[in-house]
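The values are calculated or read from the model by the stated rules, or taken from the named source; none is laboratory data. This structure is a prediction, so every number in the text was calculated from the model and none was measured. As a convention, Cβ positions derive from the backbone with ideal geometry for all residues, glycine included, and neighbour counts pool all protein chains shown. Ligands, DNA and RNA are excluded from the accessible area calculation, which covers all protein heavy atoms including side chains. Shrake-Rupley method; radii C 1.70, N 1.55, O 1.52, S 1.80 Å.
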Amino acid sequence: MTQLTLVIGNKNYSSWSLRPWLAMKQFGLEFNEIRIPLYNHPDYSLKIRQYSSSGKVPVLLHDKQTVWDSLAICEYLAETFPTLQWWPKDKAARALARSISAEMHSGFQNLRQNMPMNCRTKYPGKGLEPGVQQDIDRITTIWQESRQKFGTTGNLLFGNFTIADAFFAPVVLRFITYDVELDHVSRNYVESVLALPEMQEWINTAKNETEIIPQNEF
């Protein structure tokens, strides 16, 4: 099979890149990685357009196929490697996992704008602008309900790792950076995601990056 290549942005800042990267790592897929730092050079978008007409990361290249957008990439991988358990086996659990992944993919704009992902610094108490707490409350409700209904067989949202965990992984990092107060279930989930070796690999690499995106710093 043709080698997989994933084009990503800065690991310290690019929440969209983390999602397919983490999923691919978790499911043991071998892939080439191309990192294009965002915003630091005026031609960064042109560099990305060498791989995708969207001008945005992430981008998956495979077998003469170009797939962009984190959710589209994960769905493509689920179709390409169907023996791997990308989504829960149970139909009801799978429907919930897809729903919350789509909600994460399209929503929570207040959280995104006011608590940008930044792995290498800590900003306790920052970013709590109007609307952010409502986003936090909705996310923790999702986590509680998923864990209660379908997560009893493991430490993640549906027990074992699924695409849904990949989609909430950047939120986990945000909650750590901004020291967000969490309930017991949500705190345990955050700790479980952080304990994944692949998450630690991403974080450690991010901390060694030197680029700075001013709009993601306080």
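For the reader, a short list of remarks on this structure follows.
- Scanning segment 178-208 for residues that are farther than 19 Å from Met24 by Cβ, open to solvent by 80 Å² or more (accessible area, probe 1.4 Å) and not basic (Lys, Arg) yields a total of 5.
- Scope segment 128-171; condition without any contact (Cβ under 8 Å) to a residue 24 or more places away in the chain and β-branched (Val, Ile, Thr); matching residues: Val132, Thr141, Thr152, Thr153
- Of the residues making up segment 106-120, those that are of a type in the set (S, T, N, Q) and open to solvent by 10 Å² or more (accessible area, probe 1.4 Å) are Ser106, Gln109, Asn110, Gln113, Asn114.
- Residue match in segment 64-80 (condition: touching a strand residue (DSSP E or B) at 6+ places or on another chain (Cβ under 6 Å), farther than 25 Å from Arg138 by Cβ, open to solvent by 40 Å² or more (accessible area, probe 1.4 Å) and modelled with pLDDT of 95 or more): yes
- Tally of residues being in contact (Cβ under 8 Å) with a residue 60 or more places away in the chain and either open to solvent by 80 Å² or more (accessible area, probe 1.4 Å) or among the aromatic types (Phe, Trp, Tyr) (or both) across segment 28-45: 1
- Residue pairs whose Cβ atoms lie under 9 Å apart, separated by 6 or more positions or on different chains, with the first residue in segment 185-205 and farther than 17 Å from Trp143 by Cα and the second charged (D, E, K, R) and open to solvent by less than 60 Å² (accessible area, probe 1.4 Å), are Leu196/Asp165; Trp202/Lys11; Ile203/Lys11; Thr205/Lys11.
- Number of the condition not met by Ile48 [criteria: (1) surrounded by fewer than 22 Cβ atoms within 10 Å (Cβ to Cβ); (2) touching a residue at least 12 places away in the same chain (Cβ under 8 Å)]: (1)
- Qualifying residue in segment 81-97 (condition: within 28 Å of Val132 (Cβ to Cβ), crowded, with 18+ Cβ neighbours inside 10 Å and in contact (Cβ under 8 Å) with a residue 12 or more places away in the chain): yes
- Residue within segment 157-176 that is in a helix (DSSP H, G or I) and of a type in the set (Lys, Arg) present: yes
- Scope segment 127-159; condition aliphatic (A, V, I, L, M) and open to solvent by 50 Å² or more (accessible area, probe 1.4 Å); matching residues: Leu128
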